[in-house]
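Structure first, commentary second.
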Amino acid sequence: MNLGESIRVAWDSIRANMLRSILTTLGIMIGITAVIAVVAVGQGGQQSIMKEMEQFGSNLFYITMDWRRDELPTGREFTMNDIEIIKANVPELEYLLPCAQTFSTIKSRDKVKTAQVFGTEADYAHLHPLEITAGRFLNNSDCLGKRRVVVIDEELAQELFPRTSALGKRIIIDNQTMVVCGLLKAENSIFGMGTKVIYIPMRVWLDIYPGGSISYIEGGTRSPEEVKTAMQSSVKILEKRHHSKDLYQGVDMEQEIQAVNKVTGVMTLVIGIIAGFSLLVGGIGVMNIMLVSVTERTREIGLRMALGARRRDILIQFLIEAVVLCLLGGIIGMALGIGGAFLISALAKWPPLISWTTVLLAFTFSAAIGIIFGILPANQAANLDPIEALRRD
Amino acid sequence: MITMIKMEQINKIYRPQSNPVHALRDVSLHIKMGEFVAIMGPSGSGKSTLMNVMGCLDTPSSGAYHLGGVEVSSMNSDQLATIRNRKIGFVFQNYNLLPRMTALHNVELPMLYAGVEKEERKARALDCIGRVGMLDRIHHRPSELSGGQCQRIAIARALVNNPDIILADEPTGNLDSVTSLEIMNIFCSLHQENTTIVLVTHEDDIAAFARRVLHFRDGKLINDEILNPHLTEPSAVEGGGDI
Ligand SMILES: Nc1ncnc2c1ncn2[C@@H]1O[C@H](COP(=O)(O)OP(=O)(O)O)[C@@H](O)[C@H]1O
Ligand SMILES: [Mg+2]
């Protein structure tokens, strides 16, 4: 009997018990649905994050302090002098920025909001894709002259000044009066997470928050190849100036990407385990129903043997039936999974990524389950004694 | 005449270790090509066991069995399956048609295991269904057919691989007497086309269609009787299967 015939026979017997077949494949269906949906959403998310990172720039690095160390590194915080010295001594650097942030209340004449007050310098605009819609970003004379100016986003501006433009207006940040010098397009990214960020000159920030300090340094080079050297030189200078080893940590995009991959890797593993169990249970369900089917069709098996079916013909017939059953579940699961992925992604606001490898993998996996869990029943069928089988009713 | 079946000192013992049943004792017999043989005997006398051995569904405990000149008692299960497929056509008392399949597909079944191509399968199946007069029912399922009609389809299925021999174990056992005669007429017409037929029955009027009757008792062949062809020639033979 050729493959086409075997598949037709298998399909006929599955169709004869359609409800039972569908219920049997439920486990596999759910397993495949889960895998497809989660992988598609996960990969879509990963891709979005990667894209955002790429946009952010592969010629960037950060230097932070290692806060995991037991003693508080007081007195060793970054200073504005550090920045100047590093800038002067590391030729690969194109930009080097101090960054600091704290959560504060922001007041206009009659409104109160909260936001992340971010202290930095003019070059920040060169390293990040900020879109100015009115006015300007912080410039060098703002920063060097400690001008009390602030850049806020349109949405916050709208909330603080519902009736007029916020540009040129005074707002009060922690009891300090500042003038709005620029408006940014409202941010809409995964990293944004709804917290508003407002930008002020670094030196102003240090004046307003005397207890605070620069929390990290951001650097940029002309080309991505120079990032590692620039980062290492900068860290060395810091270590020398502050007489401490291992306190300062350089992080570049490569590490960031590895971190994201690690997270998605763990997620994939967890989902894989859950799906694995679901598919295991599904496989056992298929095995169970195939055993029932063999018992129900003992006479048919005996007859086929009497008519000339060899043991391997019977074995293959039941294996194919198990595989077709699993593929039925797998295909329905795939459809549901793809649908689910689009649904979840619509809510999560990033596009799902359905790769051919995932679909192919799910397909192969369902077939493999059919073979693995079909072997026992198929073997049982193939080893029936034709006379005994024919006598059964 | 070519000898189709040659059995020498065949013994069959079921459950030889625990509770042995000696179902066939030293059975020796020859059946020539084109013969129409009836096997008779009381229940439990080993008729079905003999048919199973003849049909290569079972192997004898001892003795030699040549089918069409080939020694089959030492063959493995795959070889026996091929022999059953190509050389034997079974007809059962309870028809054994697959209920989900149409008559046509039931008849095509043995050809699936012979690797016959689709078009030829259909052509040959239709030819055999024609020989048993069932062409108007090819798309019916067994549940939509009467007992006699089912048995005709089963006979068509037995014929479809051009077997050397037809083995029928009480083919009329479930049928009323009129239908039984119709079925026997089909066997008679097959006999006239020179098909070798071995048929088990315990009814004398059914056995009377054959030219030779083998009588069994307690697993032993006790009488090999040649019937007078002139006395037993059934009058309805001319009609073939089309009644
Ligand atoms: N599979 C079996 N296992 C044990 N004994 C069997 C088996 N098949 C048949 N027998 C015994 O063998 C003897 C012959 O049986 P069988 O060939 O079916 O007789 P018949 O067809 O003439 O009625 C009986 O005594 C029966 O009980
Ligand atoms: Mg019997």
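Checking B:34, B:55, B:44 one by one, the residue that is within 16 Å of ligand 1 (Cβ to nearest atom), away from chain A (no Cβ under 14 Å) and closer than 24 Å to residue B:223 by Cα is B:44 and no other. One residue alone among A:364, A:298, A:358 is among the hydroxyl-bearing types (Ser, Thr, Tyr) and within 30 Å of residue A:391 (Cα to Cα), and that residue is A:298.
Only one entry of B:197, B:166 meets the criterion of being away from ligand 2 (no atom under 16 Å from the Cβ), in contact with a Phe, Trp or Tyr (Cβ under 7 Å, 6 or more places away or on another chain), in a strand (DSSP E or B) and modelled with pLDDT of 95 or more, and that entry is B:197.
Report yes if residue B:50 is facing chain A (nearest Cβ under 9 Å) and of a type outside the set (D, E, K, R), otherwise no. For residue B:50, the condition - facing chain A (nearest Cβ under 9 Å) and of a type outside the set (D, E, K, R) - is not met.
Checked against (1) more than 16 Å from ligand 2 (Cβ to nearest atom); (2) touching a Pro at 6+ places or on another chain (Cβ under 8 Å); (3) not hydroxyl-bearing (Ser, Thr, Tyr), residue B:24 passes all but a single condition, namely (1).
If you go through region A:1-31 and keep only what is among the polar types (S, T, N, Q), under 40 Å from the mean Cα position of the chain (by Cα) and in a helix (DSSP H, G or I), you end up with A:21, A:24. Any residue at all in region A:316-325 that is within 30 Å of residue B:162 (Cα to Cα) and of a type in the set (Phe, Trp, Tyr)? So far as region A:316-325 goes, yes, one or more of its residues are within 30 Å of residue B:162 (Cα to Cα) and of a type in the set (Phe, Trp, Tyr). In this structure, is residue B:146 modelled with pLDDT under 95 and under 29 Å from residue B:49 (Cα atoms)? No; evaluated as a whole, the condition is false for this residue. Looking only at residues of region A:177-196 that are surrounded by fewer than 16 Cβ atoms within 10 Å (Cβ to Cβ) and at pLDDT 85 or above, we find that the one that is farthest from the chain's Cα centre (by Cα) is A:177. When only residues in region A:294-316 that are of a type outside the set (Lys, Arg) and facing chain B (nearest Cβ under 7 Å) count, which is surrounded by the most Cβ atoms within 10 Å (Cβ to Cβ)? Once the filter is applied, the top-ranked residue is A:305. Please determine, by comparing only the residues of region B:156-186 that are more than 24 Å from residue B:224 (Cβ to Cβ) and either within 16 Å of ligand 1 (Cβ to nearest atom) or among the hydroxyl-bearing types (Ser, Thr, Tyr) (or both), which one is farthest from the other protein chains (Cβ to nearest Cβ). Only one residue tops the list, namely B:177.
One line per residue, one yes/no per condition, for (1) within 16 Å of ligand 2 (Cβ to nearest atom); (2) touching an Asp or Glu at 6+ places or on another chain (Cβ under 9 Å):
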position: B:95; (1), (2): yes, no
position: B:108; (1), (2): no, no
position: B:111; (1), (2): no, yes
position: B:126; (1), (2): no, no
position: B:140; (1), (2): no, no
position: B:145; (1), (2): no, no
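If you go through region B:43-79 and keep only what is among the hydrophobic types (A, V, I, L, M, F, W, C), away from ligand 2 (no atom under 16 Å from the Cβ), in contact with a Leu (Cβ under 8 Å, 6 or more places away or on another chain) and farther than 19 Å from residue B:154 by Cβ, you end up with just B:72.
Note on region B:66-94: residues that are more than 10 Å from chain A (Cβ to nearest Cβ) and among the hydroxyl-bearing types (Ser, Thr, Tyr) total 2. Going by what's in this entry, would residue B:189 be described as more than 30 Å from residue B:66 (Cα to Cα), away from chain A (no Cβ under 14 Å) and not β-branched (Val, Ile, Thr)? Answer is no for this residue.
Only helices (runs of 4 or more DSSP H) whose full extent lies in region B:68-135 are considered here, and the ones with at least 3 residues that are surrounded by fewer than 19 Cβ atoms within 10 Å (Cβ to Cβ) are B:77-87, B:118-131.
Applying the criterion of being within 17 Å of residue A:303 (Cα to Cα) and either in contact with a Ser or Thr (Cβ under 7 Å, 6 or more places away or on another chain) or among the β-branched types (Val, Ile, Thr) (or both) to the residues of region A:366-391, the residue that is farthest from ligand 1 (Cβ to nearest atom) is A:384.
Restricted to region B:58-67, and to residues that are in a strand (DSSP E or B) and either of a type in the set (D, E, K, R) or surrounded by fewer than 16 Cβ atoms within 10 Å (Cβ to Cβ) (or both), which residue is farthest from ligand 1 (Cβ to nearest atom)? Looking at residues that are in a strand (DSSP E or B) and either of a type in the set (D, E, K, R) or surrounded by fewer than 16 Cβ atoms within 10 Å (Cβ to Cβ) (or both), I get B:64.
The values are calculated or read from the model by the stated rules, or taken from the named source; none is laboratory data. Since this is a predicted model, take the numbers as computed values, not measurements. Note: ideal-geometry Cβ built from the backbone for every residue, glycine included; neighbour counts use all protein chains shown.
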